[in-house]
Amino acid sequence: MNNRISFNNMKDIKPKLIRLFKEGYCTPQIARIAKKIDEPSTTIHYNIKKLEKEGAIRTYKAVFDHNKIDEGFCVYVLINISPDAYDTPIAEELAKLEEVESAATIAGEYDLILKVRTKDQDDYYNILKKHISKKGIVKSLTLTTLKEIKTNYVLL
């Protein structure tokens, strides 16, 4: 009798895992950290729990090779919001979009910056038409990345 697992017959749940990892369903590898910094795992665990309790650590996330998960097209979008729309939740609405990796209000010529990841230029264009070109947004400027060098404190 063959007790070997056939990986060819395994269910493909990669999209589900990617979504969960983006939401913070990752855990620190305490034994690996302990070995790397030459400290006992109990000390690592205690300090991690302390950082979590203090709110210094909010979540644990994976760092992806975005080309391998169909998010290889990355842009930064600078946005001006109409003065009469400052009291509306435009920034919060845009931040909730699945394709928006980060959003921040900024000082200077623009009011808001978004980091957006999509499969390709066409997908980004559809987001631009549907969400970014809405009432309350006066002007936007898209900056396309050519090559990412570092993200989430990790050199690529």
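The values are calculated or read from the model by the stated rules, or taken from the named source; none is laboratory data. Just so it is clear, the structure is predicted and the values come from calculations on it, not from any experiment. Cβ atoms come from the backbone with ideal geometry, glycine included; neighbour counts cover every protein chain shown.
Overview of values
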{"quantity": "Candidates Ser41, Ser82 - the one that is modelled with pLDDT of 85 or more, farther than 25 Å from Leu155 by Cα and touching a helix residue (DSSP H, G or I) at 6+ places or on another chain (Cβ under 6 Å)", "calculated": "Ser41"}
{"quantity": "Sole exception among (1) of a type outside the set (Phe, Trp, Tyr); (2) outside the structural domain of Leu78 (by TED's automatic domain parsing); (3) modelled with pLDDT of 95 or more for Leu156, by number", "calculated": "(3)"}
{"quantity": "Test set (1) crowded, with 16+ Cβ neighbours inside 10 Å; (2) out of contact with any Lys or Arg (no Cβ under 7 Å at 6 or more places or on another chain); (3) at pLDDT 95 or above; (4) not hydroxyl-bearing (Ser, Thr, Tyr) - Cys74 fails condition number", "calculated": "(2)"}
{"quantity": "Total residues in the stretch 137-147, condition surrounded by 15 or more Cβ atoms within 10 Å (Cβ to Cβ) and without any contact (Cβ under 8 Å) to a residue 60 or more places away in the chain", "calculated": "1"}
{"quantity": "Number of the exception - Leu78 against (1) of a type in the set (A, V, I, L, M); (2) outside any loop (DSSP other than H, G, I, E, B); (3) over 18 Å from the mean Cα position of the chain (by Cα)", "calculated": "(3)"}
{"quantity": "Of all residues making up the stretch 81-114, the number that are more than 18 Å from Lys130 (Cβ to Cβ) and surrounded by 15 or more Cβ atoms within 10 Å (Cβ to Cβ)", "calculated": "3"}
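Residues checked against (1) loosely packed, with under 10 Cβ neighbours inside 10 Å; (2) free of Cβ contacts under 8 Å to residues at least 40 places away in the same chain; (3) out of contact with any His (no Cβ under 6 Å at 6 or more places or on another chain); (4) not hydrophobic (A, V, I, L, M, F, W, C):
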{"site": "Arg19", "(1), (2), (3), (4)": "no, yes, yes, yes"}
{"site": "Pro28", "(1), (2), (3), (4)": "no, yes, yes, yes"}
{"site": "Ile37", "(1), (2), (3), (4)": "yes, yes, yes, no"}
{"site": "Glu52", "(1), (2), (3), (4)": "no, yes, yes, yes"}
{"site": "Phe64", "(1), (2), (3), (4)": "no, no, yes, no"}
{"site": "Ile69", "(1), (2), (3), (4)": "no, no, yes, no"}
